[in-house]
Every structure is written in structure tokens, then in C-alpha cells.
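Worksheet: the structure to be examined is printed underneath.
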Amino acid sequence: MIALLQGITGIIVLQLLFAVWNASRLPVLGAPPGEEAAEPEDTQPGKAPADSADAQHTEAPSASEGTRAPALSVLIPARDEAKNIAACLASVLACGTAGRRIEIIVLDDRSSDGTVELAAAAGGARTQVLAGAGLPEGWSGKCHACAQLAEAAGGEWLLFLDADIRLHPQALDAAMASAAAQGSGLITGFPRQLTGSWLERLAVPLMVFTIVCHLPIPLVRRSEDPRFAAAHGGFMLIHRDSYIRCGGHSAIRDQLVDDMALAKAVKLAGEPVTLADISAHTEMRMYHNASEVWKGYRKNIYAGLGRKPLLLLGVLLFYALLYVCPLIAALGALVTGDNTALLWAAAALVAGAAVKRTADRSGQQPLWFCLLLPASILSLIAIAAASWRGSISGKGYEWKGRQYP
């Protein structure tokens with residue numbers, strides 16, 4: 001047992017060193033581009049748009065004759081978002097725009113809770129509210145809503161926002177500064193996550209934890225390999241030409257984890273992708289209770305790992321070994337009085353908390369959240385197991401009144 005705990009502690013210390021380095025390489029939205037953040041890419045102006053049969057879903061109509069096209073289209077898909085849409089639009093409308101022409105479009109995706117009326121009232125004359133078409137077979141709901149928004153948009157850059165996101169006043173200026181520096185492609189990031197219920201506190205911050213611990217952030221920008229991709233669907237800023245070249249949401253129409261699928265499609269099209277720190281400019285509360293957390297992550301976890309059961313099992317066993325086993329060992333050592341085992345178990349727990357704190361600091365989470373890591377991993381294991389069962393049982397997943405396989 002001592003040797004096992006020593007090995008676990010050593011692995012976690014290495015993980016901590018990587019996490020500290022990795023978090024330091026995360027470019028900040030709106031900051032001058034540095035070595036890691038991305039030198040401007042060749043926008044390849046001569047490259048022709050995709051000629052696929054689905055191009056109609058990605059190509060937006062040109063601005064009317066004599067009208068200057070907007071620099072940015074803020075696009076918000078909304079289905080049953082009555083509790084969020086007004087505050088979201090208020091935050092967008094309060095943003096500075098540095099003289100740029102910006103359009104705001106909300107697509108009401110067959111809501112049943114008054115979303116459309118609230119959007120129209122909150123958005124006023126500066127916001128278009130569109131009625132979404134029925135969901136075609138073979139499409140996920142969000143992909144279809146985003147494809148309709150892109151088709152209606154006229155901006156050079158398209159910013160897809162979730163209705164539960166809140167922008168800070170400088171967010172759009174910062175986003176467009178990064179867009180100008182990058183020139184094309186996709187810019188995304190994880191908003192600062194607000195949490196209320198205990199399952200939110202346990203599960204939601206693990207999004208940033210997994211990125212900081214395992215994904216070399218510079219390779220998101222530098223490598224063309226789509227395996228080095230990360231994205232958050234709440235904030236997806238993409239150049240119109242890049243959107244067309246990668247096939248847009250039409251190319252990923254059936255994907256449940258649409259943000260990751262779009263980021264990989266952008267990379268496969270040879271366009272740049274940047275994962276940025278946007279926590280100073282955005283915040284959101286993804287879920288408002290434990291039931292929403294369970295349903296949301298249950299829908300996404302297994303699909304996000306490519307529905308590969310061995311990969312899921314390996315990840316969960318690895319996490320359990322590193323972050324749950326030391327707690328069990330510490331409790332056992334307290335019972336048996338094995339001080340040496342207790343010392344090494346405590347060392348592993350402290351190192352694990354340091355790893356979690358490194359990730360939580362990047363996501364602007366409270367300091368004490370790092371103490372919840374073993375419970376967070378146990379909650380992840382439970383949700384992931386339910387996600388796997390939902391797929392192999394054929395029952396699928398329910399989300400916002402729709403059923404997905």
C-alpha cells in the first residue's frame with residue numbers, strides 16, 4: 001500500500017507541474033497576441049467555399065445593396081429560455097462596440113415558455129427575433145438552430161452565444177480584438193461558471209479541470225490534429241469564411257457535443273482554433289439544480305468520448321486511482337493507526353487539491369472548491385456510468401423536451 005501511495009503521489013506531482021505550466025499558456029481574450037496565443041494566420045482569401053450540397057445551411061445572404069455588412073453577428077439559439085433570455089440580451093446590448101456595426105439575432109427554437117415574447121421585449125429595435133423551423137430528422141436541436149442563425153446572419157464574424165451566458169461590458173471589444181489578431185478560424189473559451197447546488201459545485205468546474213490537466217493548450221492553436229481541440233458552446237466566435245469552409249453546423253448536424261464537433265471540423269478544414277481565457281469577460285450558470293446537471297452531463301459525457309467504452313473506463317479508473325484512492329487509504333490508515341500510510345495518503349490528497357486549485361484558479365472558482373475533488377470525481381463516475389447506460393440501453397437521452405439517441 002505504501003508503494004502504491006508513493007506512486008500515486010508522484011504521478012499527481014507530475015500532473016501538478018503540467019497543470020501549472022498548461023494554465024500559464026492560456027491566451028487571454030482581447031490581450032495582444034503573444035507567442036502562445038497565436039500569430040495572425042493567413043486567411044487564404046483565394047480559397048473557395050465548400051461546394052457541398054449543404055452549403056445553403058452555412059452561407060448567409062449578403063447585405064442588401066448599399067448597406068454596409070455588420071462586422072459581427074451575435075447569434076443566440078433559444079429553446080425554453082424564458083428565465084435567461086432577457087438578462088442575456090441586456091448584457092449583450094450593454095457591451096461597447098468601438099464603432100463597429102453589430103447585429104443581434106435570436107432564434108426561438110419552438111419554445112413553449114414565452115421565450116419569444118421576452119426576447120422581443122428585451123431586445124427592442126436592435127434585435128431580430130426569428131421563429132425557428134421544425135427539427136428535421138437526423139439533426140440535433142442546437143445544431144439546427146445555429147445553422148438557421150448562420151443562414152440569417154450578415155456579419156464577417158459570427159458569435160454563437162448560449163442564452164444563459166452574461167457578457168461583461170468589454171466582452172465584444174475583447175472578442176473582436178482577438179478576432180482581428182487571428183484573422184480567421186474559431187475563438188472559444190470557458191466562461192466563468194456560477195454554481196448554486198452541490199452537484200453543480202462538484203461537477204461543473206471539472207470542465208476546466210480536464211482541459212488544464214490533460215490537453216496541451218498550445219497545441220489547440222499550433223497543431224492541425226483535431227484531437228487537440230477544446231471548445232465551449234456558450235461562446236463560439238468564428239469567421240464567416242471559416243464557417244463555410246468547415247461545413248458549418250450542417251456538417252455536424254447529428255452531434256450532441258456540437259461545440260467540440262465544430263472545433264474539430266474547423267481544424268480539419270485547415271483553419272486556426274484558439275482556446276482563450278474568457279472568464280474575465282463572461283459568466284454563466286449552465287445548470288440551476290442537480291437534476292439539470294445530471295441530465296446535461298449524462299447527455300454529453302459518453303458522446304464526448306466518441307462513445308468508446310474502454311476509453312471511458314480507462315479515464316474513470318485513472319481518476320479514481322489518483323483522486324479517490326488516497327482518501328480511502330487515509331481513512332483506512334486512521335482506523336489501523338498506520339502513520340506512514342496516512343502521511344503518504346495525505347501527501348497525495350494535498351497534491352490533488354493543488355492540481356484542482358490550479359484549474360479552479362483559471363476558471364475563477366472559489367478557493368475551497370479544491371477540497372471537493374474526491375467527491376467531484378465520484379460524482380463524475382456516477383454521471384458517466386449513467387451516460388454509458390443511456391447509450392447502450394438504446395433509451396438515449398432527453399433534453400429540453402427532445403429525445404436523442
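Each residue in region 179-202 was checked for being more than 21 Å from H249 (Cβ to Cβ) and out of contact with any Ser or Thr (no Cβ under 7 Å at 6 or more places or on another chain), and 9 pass. Cβ-Cβ contacts under 8 Å between residues 6 or more apart (or on different chains), taken from a first residue in region 239-253 that is among the hydroxyl-bearing types (S, T, Y) to a second residue that is open to solvent by less than 30 Å² (accessible area, probe 1.4 Å) and assigned to a strand (DSSP E or B), are listed as S242/L186; Y243/L158. Residue under question is T9, and the condition is that it be among the polar types (S, T, N, Q), at pLDDT below 95 and open to solvent by less than 70 Å² (accessible area, probe 1.4 Å); does it hold? Considered against the rule, which asks whether it is among the polar types (S, T, N, Q), at pLDDT below 95 and open to solvent by less than 70 Å² (accessible area, probe 1.4 Å), T9 comes out as no. Evaluated against (1) in a helix (DSSP H, G or I); (2) under 19 Å from H144 (Cα atoms); (3) within 14 Å of the chain's Cα centre (by Cα), I244 falls short on exactly one condition, (3).
Scoring P405 on the criteria (1) open to solvent by less than 20 Å² (accessible area, probe 1.4 Å); (2) under 23 Å from the mean Cα position of the chain (by Cα) leaves a single failure, condition (1).
Counting only helices (runs of 4 or more DSSP H) that sit completely within region 305-400, those holding 2 or more residues that are without any contact (Cβ under 8 Å) to a residue 40 or more places away in the chain, open to solvent by less than 20 Å² (accessible area, probe 1.4 Å) and on the phi < 0 side of the Ramachandran plot correspond to 325-336. Of the strands (runs of 3 or more DSSP E) that lie entirely inside region 103-214, those containing 2 or more residues that are open to solvent by 20 Å² or more (accessible area, probe 1.4 Å) span 127-131. Of the residues making up region 274-290, not one is at pLDDT below 95 and in a helix (DSSP H, G or I).
For region 53-62, the condition holds for no residue, the condition being that it is assigned to a helix (DSSP H, G or I), at pLDDT 95 or above and among the polar types (S, T, N, Q).
The values are calculated or read from the model by the stated rules, or taken from the named source; none is laboratory data. No experiment lies behind these values; they were computed from the predicted model shown. Glycine gets a Cβ as well: all are built from the backbone with ideal geometry, and neighbour counts include every protein chain shown. Heads up: the accessible areas ignore ligands, DNA and RNA and are worked out on the full protein's heavy atoms, side chains in. Shrake-Rupley method; radii C 1.70, N 1.55, O 1.52, S 1.80 Å.
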